[in-house]
Amino acid sequence: MGAEARAPLAVYIHWPFCRSKCPYCDFNSHVREGVEEARWTRALLADLDRQAELAPDREIVSVFFGGGTPSLMPPETVAALIERVQALWPVAPNLEVTLEANPNSAEAERFAGFAAAGVNRLSLGIQALDPVALGFLGRRHDREEAIAAIWLARATFPRTSFDLIYARPGQSLAAWQEELDEALSLAGEHLSLYQLTIEPGTAFGNRAARGETLAADEDSAVALFEFTQERLAAAGLPAYEISNHARPGAECRHNLAYWRYEDYLGIGPGAHGRVTRGDGKLAMQQRRSPEAWLAAVERDGTAIEEMTPIAPATVVEEVLMMGLRLVEGVPRARLETLAGREVEDLFGAALPPLIDGGFLLLDDDRLAATAAGRQRLNAVLAALLA
């Protein structure tokens, strides 16, 4: 056994299919008229088997079904994948198994089946409680379905979360306050609240390139973000990451594995992985196209198209890019061990202005972004890593 034996490991399983493509979405998701579910089950199981060889003797702390729309998966497929994970590795006593779901009535009917399969945390893609906003965002459920799905999820699963998207064009602070207060009345232990971003190649991106205004202006977005942080903290769900809020102890352990730069495997089309091997880390990338991925797994047993050692300097960059998203920041000792020098020497003259400007905090224990720094993290990182 290597030094990484029994170290924690997270597993991400990607289901790439959706009923329709949302106009803001740049994820690896695809609309298909039909999916051969038995073939896909076999292929995902085969991918798990092969990748287990890359990370043996680890302890699984979380399994996350993402997409796409994993709630379109048959519960039997979810059960088979969870069972295979448990057969391939030892699992933590408090294993977190999350599945992302849409609140459409047809998919909500599967909630009991997912719970029976071993899912113990459901993350609902609500995105808005305002009917007009739901239409703007291209969602296929209505407000009543959303609210019903939240209550059904809370009655079915030990842990739940749901997502909302704000900083929509023309959204006023008063309107967001009303929507957010309703969300808090419905929420359990966790909320994910994302500012709308316009990504190239999406339907919104194409429309924005033609001159349409599809997101809030910068000043409005700042005001909405600051209000969100204050309102959620006052309600007992403080931010633990830029867009994620939870009651203490209810943070999503799977996403913490990403942000803390722990190891994880990515199963399915387009999935990424980061795995410690010896003294370094490997970055893995799977084929993105569902059809190409499926054909490769059936032909070769794997669809990993890249498996690359990560250079030490890149590891430091990735630790910062992920860790500074967290309120807790990056442990100073870990950063200095990875970099081979003290934080002050690592960043030189770039560091004091960011601290003095109120964007970063540095003490004996950690380097962390302030709320203002997290709001402007891309600029903070650019200054640090220049």
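Points to keep in mind about this one:
- Rounded to the nearest Hz, the phi-derived 3J(HN,Hα) couplings of segment 145-153 under the Karplus curve 6.51 cos²θ - 1.76 cosθ + 1.60 (θ = phi - 60°) are 4, 4, 5, 4, 5, 4, 5, 5, 4, where x marks glycine and proline.
- A Gaussian network model of the chain, with springs between Cα atoms under 10 Å, assigns the largest mean-square fluctuation among Thr276, Thr160, Thr314 to Thr314.
- Within segment 133-245, antiparallel bridges make up roughly 45 percent of the DSSP beta bridges whose residues both belong there.
- √(5λ) per eigenvalue of the Cα gyration tensor, segment 191-279, largest first, Å: 29, 24, 9
- Computed magnitude of the charge dipole of segment 184-313 (debye, nearest 20; Cβ of K, R +1, Cβ of D, E -1): 300 debye
- The Cys residues in the chain with no partner Cys Cβ within less than 4.7 Å of their Cβ are Cys18, Cys252.
- Other-chain or far-sequence residues with amide H under 5 Å of Val91's (modelled H): Ile60
- Helix-only CD estimate at 222 nm, as mean residue ellipticity for the chain, using -39500 (n - 2.57) per DSSP H run (n ≥ 4): -12000 deg cm²/dmol
- Size descriptor, Kirkwood hydrodynamic radius, that averages inverse alpha-carbon separations across segment 166-218, Å: 12.7 Å
- Both numbers refer to the Cα atoms of the chain; Rg and Dmax are 21.0, 58 Å.
- Amide H to amide H, with H built 1.01 Å from N, Glu96 comes under 5 Å of Ser62, Val63, counting only residues 5 or more places away or on other chains.
- Of the residues Ala115, Ala146, Ala101, the one whose Cα sits farthest toward the positive end of the charge dipole of segment 99-167, with +1 on the Cβ of Lys and Arg and -1 on the Cβ of Asp and Glu, is Ala115.
- Springs between Cα atoms under 10 Å define the GNM used for the chain, and in it the highest mean-square fluctuation of Ala183, Ala313, Ala246 occurs at Ala313.
- Dipole magnitude for the chain: computed about the Cα centre from +1 point charges on Lys and Arg Cβ and -1 point charges on Asp and Glu Cβ, it is near 640 debye.
- Distances between placed amide hydrogens fall under 5 Å for Arg366 paired with Arg332, all partners being 5 or more residues away or on another chain.
- The ellipsoid that matches the Cα gyration tensor of segment 150-302 has semi-axes, each √(5λ) in whole angstrom, of 33, 24, 16, with the longest given first.
- Between the listed residues Val222, Ala233, Ser29, the Cα displaced farthest toward the positive end of the dipole of the chain, a dipole computed from Cβ unit charges relative to the Cα centre, is found at Ser29.
- Across segment 235-252, rounded Karplus estimates of 3J(HN,Hα) from the backbone phi angles (6.51 cos²θ - 1.76 cosθ + 1.60, θ = phi - 60°) give 8, x, 10, x, 5, 10, 8, 3, 10, 10, 10, 7, 5, x, x, 9, 4, 6 Hz, Gly and Pro being marked x.
- Inverse mean reciprocal Cα-Cα distance (Kirkwood Rh) of segment 289-386, Å: 15.2 Å
- Per residue solvent-accessible surface (Å²) - the chain, probe of 1.4 Å: 43 Å²
- Along segment 73-83 the Karplus relation, 6.51 cos²θ - 1.76 cosθ + 1.60 evaluated at θ = phi - 60°, assigns HN-Hα couplings of 5, x, x, 5, 5, 4, 4, 5, 5, 5, 4 Hz to successive residues, with x for each Gly and Pro.
The values are calculated or read from the model by the stated rules, or taken from the named source; none is laboratory data. Everything numeric in this text was worked out from a predicted model, so none of it was measured. Counting neighbours? That spans all protein chains shown, and the Cβs are built from the backbone with ideal geometry, glycine included. Side chains are part of the model used for accessible areas, which takes the heavy atoms of the whole protein and leaves out ligands, DNA and RNA. Shrake-Rupley method; radii C 1.70, N 1.55, O 1.52, S 1.80 Å.
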